[in-house]
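Enquirer: Please see the structure below; I have some questions.
The values are calculated or read from the model by the stated rules, or taken from the named source; none is laboratory data. Because the structure is predicted, anything quoted here is derived from the model rather than measured. All Cβ positions, glycine included, derive from the backbone under ideal geometry; neighbour counts span all protein chains shown. Each accessible area value is taken on the protein alone, full model and side chains, heavy atoms only, with ligands, DNA and RNA left out. Shrake-Rupley method; radii C 1.70, N 1.55, O 1.52, S 1.80 Å.
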Number of protein chains: 2
Amino acid sequence: MCDTCHGPEHGHDHGMGHGGGHGDCHCKLSGKVERFIQPCLLLSLLQHPSHGYELLERLTGFRFYPGSPDTGAVYRHLRRLENSDYVESRWETGDAGPAKRIYSITPDGQDMLKAWIEEFRDRKSAMEDFIEKYERSVK
Amino acid sequence: MCDTCHGPEHGHDHGMGHGGGHGDCHCKLSGKVERFIQPCLLLSLLQHPSHGYELLERLTGFRFYPGSPDTGAVYRHLRRLENSDYVESRWETGDAGPAKRIYSITPDGQDMLKAWIEEFRDRKSAMEDFIEKYERSVK
DNA sequence: CTGCCCTATATGCTACTATCAGATAGGGGA
DNA sequence: TCCCCTATCTGATAGTAGCATATAGGGCAG
């Protein structure tokens, strides 16, 4: 039983929003953002260096994130990207408010992003194939 | 340290094969098939009824599965799909070898598959946007 | 000067999932 | 008899997202 969509578990609302975690309930087909957060962060940082809190807001610009993404996820992934040398950071304490950790993309990170782009092209075409298979089957 | 690609953890091999589970190693960008198994099973069953072992082989026809998919995953997802009334099954003991559980897609399952197709269209266009954003940034 | 909100970063916990490994079992061939 | 192929199913583990919470600086209203 699903406490979000109520009633039948096979509702047709398939938006990616609201976050997931509904177990066997398929009222949200893909609440989870499925590790798209890393390429989104890398692309944001390719555009210009930024800090976690700002990146959090910029993530909503990607259609993978219709709602507000999780703050914990953003900071944790930035840390992981830094451990892999895909990004680097420096502290900025200049202006008002708490200190900011400014992240920039590294050459390795740019290579990684390029690999992600290739991956996305593959997935996109795999989905096109799937849709085509479906169209042929229902015809 | 990655025991698959050895050396630097940011190698550029980004195929979807060999299965995942390399933690922070990005030598495989997406070893996980990320719940694509359910729509693949539904579409296979839309084409014609089938049993688990056969579906296992038919899954390789989808480009989400370059290697052989996990047998456990197939049977477990079939069970889950049946619990959700997206598929139904009957035992077939007629011919040689062990009994087969033949699955068929239900009307609810067909609706679900349709919802998945819409979802795939969304994801596909989100990826197109991402790639376009990238192209603009590197230009 | 206290409480509240906004900015900013970080960690703990839990549920879900994929993957790996192995168990069970029928039947055919060497 | 042993091994392999077909066929289904279960156990254990590791990675992940999402939620909640902790910490902390600074501005501002009452």
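Enquirer: For B:Lys114, all conditions in the list (1) over 18 Å from the mean Cα position of the chain (by Cα); (2) open to solvent by 80 Å² or more (accessible area, probe 1.4 Å) hold save one; what is the number of the exception?
Expert: For B:Lys114, the failing item is (1).
Enquirer: A follow-up question, please. Scanning for something open to solvent by 50 Å² or more (accessible area, probe 1.4 Å), more than 8 Å from DNA strand D (Cβ to nearest atom) and within 14 Å of chain A (Cβ to nearest Cβ), does the range B:101-109 turn up at least one residue?
Expert: yes
Enquirer: Scan the helices (runs of 4 or more DSSP H) fully inside the range A:30-127 and keep the ones with 1 or more residues being of a type in the set (Val, Ile, Thr).
Expert: Qualifying helices (runs of 4 or more DSSP H): A:37-47, A:71-83.
Enquirer: If you check B:Leu29 against the conditions, is it more than 9 Å from DNA strand C (Cβ to nearest atom) and modelled with pLDDT of 90 or more?
Expert: Answer is no for this residue.
Enquirer: Can you tell me which residues in the range A:58-79 are within 21 Å of A:Phe120 (Cα to Cα) and either open to solvent by less than 20 Å² (accessible area, probe 1.4 Å) or not small (Gly, Ala, Ser) (or both)?
Expert: Matches in the range A:58-79: A:Arg58, A:Leu59, A:Thr60, A:Phe62, A:Arg63, A:Phe64, A:Tyr65, A:Pro66, A:Pro69, A:Val74, A:His77, A:Leu78.
Enquirer: Follow-up question, since we're still on this one. Answer yes or no as to whether A:Gly109 is within 20 Å of B:Glu135 (Cβ to Cβ), touching a strand residue (DSSP E or B) at 6+ places or on another chain (Cβ under 7 Å) and of a type in the set (Gly, Ala, Ser).
Expert: Criteria met by A:Gly109.
Enquirer: Something else: Let me spell it out: the conditions are (1) within 22 Å of A:Arg35 (Cβ to Cβ); (2) in contact with a strand residue (DSSP E or B) (Cβ under 8 Å, 6 or more places away or on another chain), and A:Ala99 meets all of them except one. Which number is the exception?
Expert: Unmet condition: (1).
Enquirer: Same structure again: Give the range A:79-118 a look and list any residue that's of a type in the set (D, E, K, R), out of contact with any Asp or Glu (no Cβ under 8 Å at 6 or more places or on another chain) and within 10 Å of DNA strand C (Cβ to nearest atom), or say none.
Expert: A:Arg79, A:Glu92, A:Asp95, listed by residue number.
Enquirer: Restricting attention to the range A:76-100, and to residues there that are within 10 Å of DNA strand D (Cβ to nearest atom) and closer than 19 Å to A:Leu46 by Cβ, which single residue is farthest from the other protein chains (Cβ to nearest Cβ)?
Expert: Step by step, filter the range A:76-100, then rank; the result is A:His77.
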